[in-house]
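The values are calculated or read from the model by the stated rules, or taken from the named source; none is laboratory data. Values in this document were obtained by computation on a predicted structure and should not be read as measured data. Because the Cβ atoms are built from the backbone with ideal geometry, glycine has one as well, and the counts that use them run over all protein chains shown. Remember, those area values only see protein heavy atoms, side chains included, never the ligands or the DNA or RNA. Shrake-Rupley method; radii C 1.70, N 1.55, O 1.52, S 1.80 Å.
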Amino acid sequence: MAITGEQVFNIAVALLDEIQTSASYRQYAPSVLTTLQAELLPKTETPTVIADLAQPLSLPDSLCLQALPYGLAAHLMIIDNPNDQGKAAFFNARYDELKSKRGATITPITDVYSVGADGYGTY
């Protein structure tokens, strides 16, 4: 199941406790989600530009539901209330913590220098 920008947006405004006033945030959410996707995707993948919150996101569902709402909430707080940085800092710290828990990509290493396990080229 692909998570949409709308789903992430709804979680973010719930975290902000701003469900009643979420209409003002809606205009900023697509561009912020596009930027956050670009940050979270591997360098080899091209992010989807989010023009409409109904679009599916290019990230794994778990990342969309765990980290992305906190990143979006932090950015929306900065846009909405630049004088109150406490909430934004909290959401950004939580986003950074969750994004660092992503699984690493395992890729094979090529021994181009012929250095083996003993340091002399033999294993």
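Some notes on this structure:
- Scan the range 5-36 for residues that are open to solvent by 30 Å² or more (accessible area, probe 1.4 Å) and either more than 19 Å from Asp61 (Cβ to Cβ) or among the hydroxyl-bearing types (Ser, Thr, Tyr) (or both) and the total you get is 12.
- Pairs where the first residue, in the range 55-80, is over 12 Å from Leu33 (Cβ atoms) and open to solvent by 40 Å² or more (accessible area, probe 1.4 Å) and the second is among the hydrophobic types (A, V, I, L, M, F, W, C) and outside any loop (DSSP other than H, G, I, E, B), C-beta under 6 Å, 6+ apart: Gln66/Leu98; Tyr70/Phe91; Ile78/Ala88
- At least 1 residues being modelled with pLDDT of 95 or more is the threshold, and among the helices (runs of 4 or more DSSP H) wholly inside the range 1-40 those reaching it are 5-16, 29-40.
- Any hit, the range 90-100, residues being out of contact with any Gly (no Cβ under 9 Å at 6 or more places or on another chain), open to solvent by less than 60 Å² (accessible area, probe 1.4 Å) and among the hydroxyl-bearing types (Ser, Thr, Tyr): no
- Filter result (within 18 Å of Tyr28 (Cβ to Cβ) and of a type in the set (Asp, Glu)) within the range 48-92: Asp52, Asp80, Asp84
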